[in-house]
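A short worksheet on the structure shown next.
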Amino acid sequence: MGAIMLVGSVVVMRTVYVPARERVDDQPGAEFAEMLRKLMARFVMIASAWLLISGIISFILFVNRYEIDKSEFPGSMYHMIFGIKFLIALCIFFLTAALNGRTSLAQKMREREKTWLTVNLVLVGLIVFLAAILRLADRTEKSESSALPVPPAVAILHDSASEQAPGEIG
Ligand code: HEM
């Protein structure tokens, strides 16, 4: 949900709101711009907090419950890809917060809003792509993989013994 909100807000701002504003003569007044900024700031703050908290929780649960198959890609690079995804997430959180902030840096960045939104659009595309790659990594539940494997010969003996009637030999 957090990802949908944050990614959606970047996509809509860059592909709908900013182009629409550029194509009309009547520019939104200062009051409208300030209200939009305030509401967007609240919206992206909720989305970012949601993503950060749910992302950390799912990573901890994931590391505790699953074993990644590191013998082949993408499992072999799971942690590196996760690290890159995390850093990109921090950049996205910063850019979305800065574009809707009140500081002088935020005001400066808003002067080049279209450029920064384009950068953010590329980053959100990249992070969703990386998330899809992480999802492709083969994984097994730890309880399953930590159970001792049964040698095939023992499994056959066990199966044929359980098919015999009680007291039957052989
Ligand atoms: C802009 C920020 C982010 C976006 C757009 C994003 C997006 C996504 C998406 C689309 C998925 C795939 C979900 C699925 O298919 O079930 C995912 C998975 C995941 N995300 Fe994020 N995420 C973001 C930030 C974070 C952060 C900050 C963390 C951790 C601190 C995180 C941790 C994870 C984990 C652990 C998974 C599961 C990966 C797996 O299946 O192996 N994400 N993310």
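Could you state how much accessible area Glu67 has, in square angstrom rounded to the nearest 10, with a 1.4 Å probe and all protein chains kept in place?
Approximately 80 Å² of Glu67 is accessible to the 1.4 Å probe.
For the stretch 16-22, in order, what is each residue's ³J(HN,Hα) by Karplus, 6.51 cos²θ - 1.76 cosθ + 1.60 with θ = phi - 60°, in whole Hz (x at glycine and Pro)?
Here the 3J(HN,Hα) series is 10, 5, 5, x, 5, 5, 5 Hz.
What figure, in Å² to the nearest 10, do you get for the accessible area of Met80 with a 1.4 Å probe and non-protein molecules left out?
100 Å²
Straight-line reach only, C-alpha to C-alpha below 16 angstrom: list the lysines that Lys70 could link to, leaving out same-chain residues fewer than 8 apart.
Cα-Cα hits under 16 Å: Lys142.
Kirkwood Rh over Cα pairs of the stretch 1-121 into Stokes-Einstein at 37 °C, 0.692 mPa s: D in µm²/s? Mind showing how you got there, number by number?
Values: Rh = 16.3 Å.
In µm²/s, the coefficient is 201.
How high is the FRET efficiency from Leu61 to Val11, r the C-beta distance, R0 35 Å, rounded to 0.05?
It comes to 0.75.
In nm, what is the difference between 0.36 nm times the number of residues separating Thr118 and Val18 and their Cα-Cα distance? Let's see the in-between values first.
Numbers: separation 100, 0.36 × 100 = 36.00 nm, distance 1.08 nm.
Taking 0.36 nm per residue and subtracting the Cα distance, the gain is 34.9 nm.
The values are calculated or read from the model by the stated rules, or taken from the named source; none is laboratory data. Treat the numbers as computed from the prediction; the structure is a model and nothing was measured. Methodologically, a virtual Cβ is constructed for each residue, glycine included, from the backbone with ideal geometry; neighbour enumeration extends over all protein chains shown. Side chains included, ligands, DNA and RNA excluded: accessible areas come from the protein's heavy atoms. Shrake-Rupley method; radii C 1.70, N 1.55, O 1.52, S 1.80 Å.
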